[in-house]
Structure formats: C-alpha cells, structure tokens
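Below is one structure; the comments refer to it alone.
What follows is calculated from the coordinates using simple rules that are stated; it is not laboratory data. Because the structure is a prediction, the values reported are computed rather than measured. Here Cβ is always computed from backbone atoms with ideal geometry, including for glycine, and neighbour counts include all displayed protein chains.
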Amino acid sequence: MKKTMYEKIWDSHFVVEAAGQAPLLYVDRHLMHEVTSPQAFEGLRNANRKVRNPHSILATMDHCVPTKNRNLPIADPIAKKQIETMADNCKENDLNLYDMKNPNNGVIHIVVPEHGFVPPGMIVVCGDSHTATHGAFGALAFGIGTSEVEHVMATQTLPQKKSKTMLIQIDGELSKYASAKDIALAITGKIGTAGGTGHVIEYAGEAISKLSMEGRMTLCNMAIEAGARAGLVAPDQKTYDYLKGREFVPSGENWDKALAYWKTLPSDHGAKYDTTIILKAADIEPQVTWGTSPEQVTGVNNIIPAPEDFDDKIKSQACKDALNYMGLKAHTKITDIAVDLIFIGSCTNGRIEDFRIAADITKGTKVADNVTAIAVPGSYHVKKQAEDEGLDKIFTEAGWEWREPGCSMCLAMNGDELTAGQRSASTSNRNFEGRQGKGGRTHLVSPAMAAAAASAGHFVDIRNL
Amino acid sequence: MQAYTKHQSIAALMRRSNVDTDQIIPKQFLKKVERSGFGQHLFHDWRFNEDGSDNKDFELNKAAFKGAKILVVGDNFGCGSSREHAPWAIEDYGFNTIISTSYADIFYNNCFKNSILPIVATKDQLDRLMDEIDANEGVSFTIDLENQQIITPAGNGFKFEVDAFRKDNLSKGLDDIGLTLEQSASIDKYEEKHKQNFPWLWT
Ligand code: SF4
C-alpha cells in the first residue's frame, strides 16, 4: 500500500492497541518549558511514578523570562516561583535543562533544532501547541496538554487517534519578499483556523522545497493556526545538511543508518490524502492580519473587509467584533494603518534568517517618531550569530531595542506587553484579543513587513522598496 | 478522576465562535504551579470590568445562567494554545459539558482528561439549542452520556457521537496513565525493537 509520511511515522511508532482503548504510540522526544509542566511533575510525584526515559527530554525556560536586566532577580514573585519550580523538577528527575543563564537558552522551538534534538521520522511532543515547528524536519511533532505531559513522562507513550491527512501543495516560486510566514498566513486565511482540525498537514511543492530550513520551521510552526495537529515537510538534502554535526545528531556509522531511514520517509508517489489544496506561490502577497483571529488576514495591497462582505452570519459578526476591538474601520487600506510598536521575535520568526532580512530592510533607516521597535532573538545562539554578523548594530543604529532571548511579546507573560489601544506589527503567531497585553491590537506580519513598518510608521508593500 | 454521570442542568449560552484559550484563561494566570483555583479567572478579560466588578454585558454573568454545568458555544471552541489551564478553569468554574460544532484538537483531548464532555453538534442542532436557550434563559438540559443523548424541554435534543474508549474512560472516571501502564509489557517489547531500529536515539 502506498503510504503518506504521516502513515509511515505512525506505523513505525505503533506500540499496541488494547481492546476498547485508543492505539498507543511511542514518543521519542519530549520538549518542555516552565508553564505547562509543573502540574505534570506534581501528578507524577503524587502517584509515586518516575520519568521513564529522562534522556528523551530537553527543557528550556522561555515564557516568563525577562528580555532585559537578566542579572536582576525576576520581579514577579509568581513567575519567579514557576522558574524555580522548573529548575527543581529538572534537577530532581535528572533532565537536561537549558536554564536562563545557560548559553543554550532560548525559546524551546528555536533551541531544539539548533542542537539537532529532533531528527526526521520521530514522534516529538511538548506541552505547547507550536511544537508543530519540528515537522519541518519530517518529524511528527505536536502539542499536548499537561495531563499528557505527565502521561508521556510516565509511559513514553500516548494514546492517539489517527488523524486525517491534508496535502497543501504550493506550486511555483514566491515573489520577492514573500516568505514562509506569508504562506502560513495565506493558508490560514484560505482554510480558516478550523480548516485543518483533525488533520496533519503535509506541505509540498516547489515553493516549499525552495524554502530554507528556517522557512520550513516558520511554516510548520503555524500549522496549528490553521487548526492542524501537526505540519510536515519531507526531509531532503537541505534537512540533512542542516542536521549534520549538531550535538544530538548521530555521526559515523549511526549517521549512515539514520540517513538511510530518513530517505524512506517521504510520502510514496500516489499516496492518498483525505484533503488536497493547491495554491500558486506567485499569488501569495505579503500578508497582514486585520482582526483578532489569524484567519482574518489579507494581502498588503487590499482593504479591510466589512461585516457585510461575509455571507456567513457568525463570520460577519466576528468581523464586526474584531474591527471594534482593533479600532479599525471597514474598507480602510491596509497601508493606511499606523502602528505604535514593532516586535520581531517568537518561535515563528525569531531565527537568524528573520533578523537578516529585517536588518537588510532596516539598514540606513530610522524608526519612525512615536514608534517603539524591539528585536528579540529566539535564542542566545541566534543572538550571538546576529551580533557576529553586525545585525544588532543595524537595529540599534536605526533606533531599535536589541534584547535577550525569550517568548517576550509573543504572549506577553514576562512583562513585555502592549498597553490598551496600542497597535503592533508583530512577527509572532497569534493576534487574539489581549494576547500581547490587555486591549493591545496585534497585526501579524513577516519580519520584512515588520521592519518596513518600523521606519514608515504604517504598513508598506515591501515589494516596492 | 471524577466519573461523568447522567445529569440535568442549566445550559449557559455564548454566541461566539473561535473562542480561544487566551480568552478562556488569559496568560497572566498561567504562572501558577498548582492545578486548582483557575475557575475564578475563567474568561477573566470578558467577565470583569477594569475595577474588578462583574461585567454585566458578559453572557455568563446573567443571573439565569448561574450554576450552569452546560456551556453552549459557537464553532471552533478552544482554539489556540495547548494550555490545560483552559479545561481546568472550565471545570473548576462548574461546567462539565460543552456543546459546540467543533473544537480545537488539543483542547478536545484535554477535556476528557478533566471530566469534561465536549459534545459535537451539527450547525443546525446547535442553532436550535441556542434558540431554545434564547427563548427560555435558565432552561435545563439533560445529558445522558450512556445513551449519547441530549434531552431538552422543547424537544431540540439529539443523539451525539463520542469515541467508545473516551466514553468508557469518562463515565468510569478512569486514569489514563494507569490504563497505559497495564500495557507495560508491550511498551518494553516495543522499546527493545526501537533500540535496534533507531540506535542513534539511544547513544
Ligand atoms: S514564542 Fe510564543 S508561540 Fe512560541 S513558544 Fe513562546 S509563547 Fe509560545
């Protein structure tokens, strides 16, 4: 039988299906951060259970960590306790933790690939929905709840129902300055935030093969915004080249064995998917969200829709509510929207490539009056590399703040946040009400679009720069 | 885990779709290291005014919905993050049943780990339940998990689908981890094979 990549990974990780229960899948790698793990450790302790395979786990601290004055104690006592609890739990269970002071620290989904902790063909989980990121390597990577975190620690398995498969094929080449982020947003705009529910998406086509590993990570990262459990890209030479030599990647004889296995992973020619969507890369403009859901998105040259433009009653109401929350009028041109704050960072767009392209656009410009612009590298490694390339100077000379790594304004748990009514151009992944601070208004964009908005003070079509 | 039994309860209505986990439990409450006490923060930013008083315009603050165990809500409920704090808050507030047309996958799974039954209705079925609540705020529905049935006074009830294993575990209040550990021998056996097939993961 012809199999998709998802089916191959499923089959090779199937443990058992007990009568009346869901199939059990084996979990190879388990990622952790401070927010969704403490209650799982507590559960283990209460039930007197142990972590089955401590070396399958890699943990960071990212959500609550400050992005400036790292040498000072964390001001928020509850956040401080969460950070300390994480350190204690990892120590008690002998887990590999890159804490705040560790040179490998950063946002979990940025750090993990830097060390090659997730090889192709494996099952990877984390108490975090953006675990989907690691699908870029052809690994089945998905987010789980805290009870499941506990389940995986205790058993190294998860009861799972088989997902449906969706192929999203992007034909042809992207236009200049259109990026993986724009593909991700355009897909969410097209299929909606529930479009991928119950599915694992496989991304394929010329535009996807041409993406860098960083781009593929950005794309898979946002599979969850389209409602999918996971996103996958078939491993290829780019994947192997990226992995080779990294800390957790095999070498010598084991490299050859691993490589031979990885090459069997891509979906068989003619394998069947439950749903197939084909898009033309050339049609994907730089995207800007205008509402409070990632599906409320359009091309930079368009206008904001009006509630009457939607036939569906609920969508129409959602448009009305969103415009109200966002303080925007229907039919305003996207390029007429003025912004107050620019954020480049997060597990979606906090990688070196993101800062390179943003710096390229920032070079020789100045942040517009009344605009604050902050660049938050996804990890210390990204930070260092950017500094080695002199990118930090480009940003600071243009009036940007250059920060320490962390999730920062992606979800504003660490004190970096919008005030009510402030409007951001943000390279993160969610524009939900209050996500970046109560009353804050978020527009999701690519790093290039964010950088261009910083100097202009409003959105601009970067293709005209 | 608490066993889910047949019950009759007030059904509260929220006519909103794509309600995300950031709304269900805003991130400022995610810093706790305990599992309990999240109900007081459920829908915090919608539920309370700046000064901490109840927002009279928010659906769940209506007197008729006090004590509701059933939440009837629009499409794609629970989208966004994987935070289990969302079902913890819902359960702690007092809900044990949600009725919508669809849920985000992770949220849906999380519900079953917390004695919450997320029922999937068709659009038409949901519309009728919503209209019945609108016409008679404070109305009670009966949820019969065993027979997979909702019963309403105006006759808008219906049969619903739920996976057999999920239904069984929920109605008996079974601990998932305990169930899986019964399969330890199979896990050990698989792991031996895994070490041979993927030796590079074990070095
Ligand atoms: S950067 Fe944002 S989306 Fe990514 S892990 Fe951190 S909070 Fe979650």
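Here are the numbers:
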quantity	calculated
Chymotrypsin sites (Phe, Trp or Tyr not before Pro) lying in DSSP loop within the stretch B:47-92, provided at most 16 other Cβ fall within 10 Å	B:Phe58
Electrostatic dipole magnitude of the stretch B:7-172 [Cβ: Lys, Arg +1; Asp, Glu -1; Cα centre; debye, to 20]	400
For the stretch A:415-465, fraction of C-alpha pairs farther apart than 14 Å, in %	50
Equivalent ellipsoid semi-axes, the stretch A:114-203, via Cα gyration tensor eigenvalues times 5, rooted, Å	27, 16, 12
Label point 7 Å beyond Cα of B:Gln148 along Cβ direction - residues of the stretch B:164-203 with amide nitrogen under 17 Å	B:164-172
With eigenvalues of the C-alpha gyration tensor scaled by 5 and rooted, chain A, Å	33, 27, 22
Cross-link partners of A:Lys366 among lysines (Cα-Cα below 18 Å; sequence separation of 8 or more within a chain)	A:Lys393
Distance-filtered residues of the stretch A:329-369 - backbone nitrogen under 17 Å, label point 7 angstrom along A:Asp309 Cα→Cβ	A:329-338
FRET efficiency, 1/(1 + (r/R0)^6) with R0 22 Å, evaluated for A:Asn46 and B:Asp188 via beta carbons	0.35
Extension gain from B:Asp163 to B:Lys56, taking 0.36 nm per residue of separation minus the Cα-Cα distance	34.7 nm
Shielding by partners, peptide B:18-28 (average Cβ within 10 angstrom, other chains)	6
Positive-end residue of B:Leu126, B:Asn136, B:Leu71, charge dipole of the stretch B:7-172 with Cβ unit charges	B:Leu71
For the stretch A:195-269, alpha-carbon Rg relative to the globular expectation (2.2 N^0.38 Å, N residues)	1.22
Average beta-carbon neighbours from other chains, 10 Å sphere, peptide A:248-258	3
Principal axis dimensions, the stretch A:180-308 - Cα atoms, whole angstrom, descending	63, 30, 24
Estimated distance in nm for a label pair at A:Met1 and B:Asp134, the labels positioned 7 Å out from Cα along Cα-to-Cβ	4.5
Within-15-Å neighbourhood charge of A:Phe355 [Cβ basis; K, R +1; D, E -1]	-4
Shielding of B:103-111 by partner chains, average beta-carbon count, 10 Å	6
Hits among aspartates and glutamates - C-alpha to C-alpha of B:Lys56 under 20 Å, sequence gap 8 or more where chains match	A:Asp321, A:Glu433, B:Asp45, B:Asp134, B:Glu137
Within straight-line cross-link reach of B:Lys6, lysines at Cα separation under 17 Å, skipping those fewer than 8 residues along the same chain	B:Lys69, B:Lys159, B:Lys167, B:Lys172
Overall Cα dimensions of the stretch A:162-236 - principal axes, largest extent first, Å	35, 26, 19
Distance-filtered residues of the stretch B:71-94 - backbone nitrogen under 16 Å, label point 7 angstrom along A:Ile277 Cα→Cβ	B:76, B:80
Cα centroid of the stretch A:229-282 to Cα centroid of the stretch A:105-124, whole Å	14
Unit charges on C-beta of K, R, D, E only; dipole of chain A, Debye	360
Kirkwood hydrodynamic radius of the stretch B:7-172, Cα pairs, Å	16.0
